[in-house]
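S.K.: Please see the structure below; I have some questions.
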Amino acid sequence: MQTVIQVNKEQLEQITNYYHQFPSNKVPAGALFSVTTGSVTITGYYSGKIMFQGRSVSDEVAKWQTNSSHKSKTTKKTVIGLPADFANWSVLGSDEVGAGAYFGPLTTAAVYVSKENLEWVRALGIADSKTLTDDRMKKIAPQIISKLPHHVVNLMPEKYNQLQPLHNVNQMKAISHNFALGKVLDKIFPTIPQAILIDQFAQQSTYFNYLKKANQQRIIHENVYFTTKGEQYHLSVAAASILARVVELDAMSKLSAEAGIKLPIGAGREVDTVAAELLRRGIDLKHYAKLHFANTKKAERLL
């Protein structure tokens with residue numbers, strides 16, 4: 001049996017990355033990859049065509065098709081996303097906060113939610129984590145910490161400012177995600193997640209290029225998926241989002257206490273005013289803020 005589907009460039013990258021884990025066959029002319037998994041051979045072409053051949057084609061194609069049927073020996077366009085039933089998989093998810101805020105850290109969290117823990121996590125009421133209040137997240141985070149394998153990378157402003165001339169913000173995000181994911185994988189070993197889901201902030205190819213350019217010794221790449229609003233697709237990302245946010249809030253509280261003034265989150269006019277006040281007091285902003293933001297110049301002008 002043979003089925004061919006047509007995908008776009010981004011989708012082709014996602015499929016290629018997924019099948020990277022399987023042994024490679026001889027690659028035909030015009031093809032990007034060719035592998036055999038179980039009883040199915042999958043060949044991906046630069047044109048965006050993906051050919052499935054073998055006895056269990058239907059199950060394999062179903063991973064990449066959404067609300068569409070397919071016919072044997074038929075080329076068919078399809079919408080690609082996460083594999084079918086992804087929300088019920090055992091997944092290691094990651095998310096970050098603070099990238100757009102002048103004061104405070106860049107905080108990245110990774111959390112593993114197994115199939116067995118999905119109902120427990122669902123009962124926390126975090127499916128739409130972006131709508132939760134800070135107070136609600138502060139109550140949920142300790143439960144996540146006590147129950148689920150996790151790791152947090154909290155890049156405080158001084159360290160952030162040291163790295164920023166060498167790495168742009170998205171590269172620092174990529175390094176943080178990769179490191180946090182690796183730490184959780186080590187904690188749960190020999191268990192292997194069915195998938196890893198990163199809340200997307202860059203194209204997949206760009207993400208991995210960031211890590212290669214940063215000379216990361218260990219790059220997590222097997223079964224890695226990327227999607228925006230990842231918390232809507234798996235509870236692991238929702239849990240990671242909450243954990244990252246609460247760690248960021250704790251850091252902001254400590255920094256505010258050190259500064260003797262409440263440091264606002266964000267990058268608006270209130271931020272400029274507070275930064276100018278810190279400068280007026282002779283306080284070095286590098287301990288509290290991401291200096292490359294335009295807010296630094298604005299605060300200096302206000303002063």
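S.K.: Six or more apart or on different chains, Cβ atoms under 6 Å: show the pairs whose first residue is in segment 248-269 and free of Cβ contacts under 8 Å to residues at least 24 places away in the same chain and whose second is crowded, with 17+ Cβ neighbours inside 10 Å and charged (D, E, K, R).
M.R.: Every condition considered, no pair remains.
S.K.: Exactly one of these conditions fails for Tyr210: (1) in contact with a Phe, Trp or Tyr (Cβ under 9 Å, 6 or more places away or on another chain); (2) open to solvent by less than 60 Å² (accessible area, probe 1.4 Å); (3) assigned to a helix (DSSP H, G or I); (4) over 11 Å from Leu92 (Cα atoms). Give me its number.
M.R.: So the condition that Tyr210 fails would be (1).
S.K.: Scan Ala276, Ala251, Ala238 and give me the residue that is farther than 21 Å from Ala99 by Cβ and at pLDDT 95 or above.
M.R.: Ala276
S.K.: Among the listed residues Asn161, Asn154, identify the single one that is outside any helix (DSSP H, G or I), within 13 Å of Ala99 (Cα to Cα) and modelled with pLDDT of 95 or more.
M.R.: Asn154
S.K.: Do we find a residue being hydroxyl-bearing (Ser, Thr, Tyr) and under 14 Å from the mean Cα position of the chain (by Cα) anywhere in segment 250-257?
M.R.: no
S.K.: Another question about this same structure. When you scan segment 1-88 for strands (runs of 3 or more DSSP E) that lie fully inside it, which ones turn up with 2 or more residues that are buried (at least 16 other Cβ atoms within 10 Å of the Cβ) and either at pLDDT 85 or above or not hydroxyl-bearing (Ser, Thr, Tyr) (or both)?
M.R.: Per the criteria, 2-6, 31-37, 40-45, 49-54.
S.K.: Can you name every residue in segment 287-303 that is in a helix (DSSP H, G or I) and crowded, with 17+ Cβ neighbours inside 10 Å?
M.R.: Asn295, Thr296, Lys298, Ala299 - these are the residues of segment 287-303 that are in a helix (DSSP H, G or I) and crowded, with 17+ Cβ neighbours inside 10 Å.
S.K.: Can you find, within segment 245-286, the residue that is farthest from Pro142 (Cα to Cα) among those that are open to solvent by 60 Å² or more (accessible area, probe 1.4 Å) and in contact with a helix residue (DSSP H, G or I) (Cβ under 6 Å, 6 or more places away or on another chain)?
M.R.: Checking each candidate, the answer is Lys286.
S.K.: Could you check, for segment 214-226, whether at least one of its residues is open to solvent by 20 Å² or more (accessible area, probe 1.4 Å), in a loop (DSSP other than H, G, I, E, B), within 26 Å of Ile145 (Cα to Cα) and touching a Gly at 6+ places or on another chain (Cβ under 7 Å)?
M.R.: yes
S.K.: While we're here: Being assigned to a helix (DSSP H, G or I) and β-branched (Val, Ile, Thr) narrows it down to one of Ile192, Ile140, so name that one.
M.R.: Matching residue, one of Ile192, Ile140: Ile140.
S.K.: If you don't mind, there's one more thing I want to ask. Residue by residue through segment 124-136, note down the ones that are farther than 24 Å from Lys187 by Cα and either under 20 Å from the mean Cα position of the chain (by Cα) or in a helix (DSSP H, G or I) (or both).
M.R.: Across segment 124-136, the qualifying residues are Ala127, Asp128, Ser129, Lys130, Thr131, Leu132, Asp134, Asp135, Arg136.
S.K.: Determine which single condition Trp120 fails, assuming it passes every other condition in (1) modelled with pLDDT of 90 or more; (2) open to solvent by less than 20 Å² (accessible area, probe 1.4 Å); (3) farther than 14 Å from Val4 by Cβ.
M.R.: (2)
The values are calculated or read from the model by the stated rules, or taken from the named source; none is laboratory data. In this text the structure is predicted, and so the values were computed from the model without any measurement. Cβ atoms come from the backbone with ideal geometry, glycine included; neighbour counts cover every protein chain shown. With ligands, DNA and RNA removed, areas are computed over all heavy atoms of the protein, side chains included. Shrake-Rupley method; radii C 1.70, N 1.55, O 1.52, S 1.80 Å.
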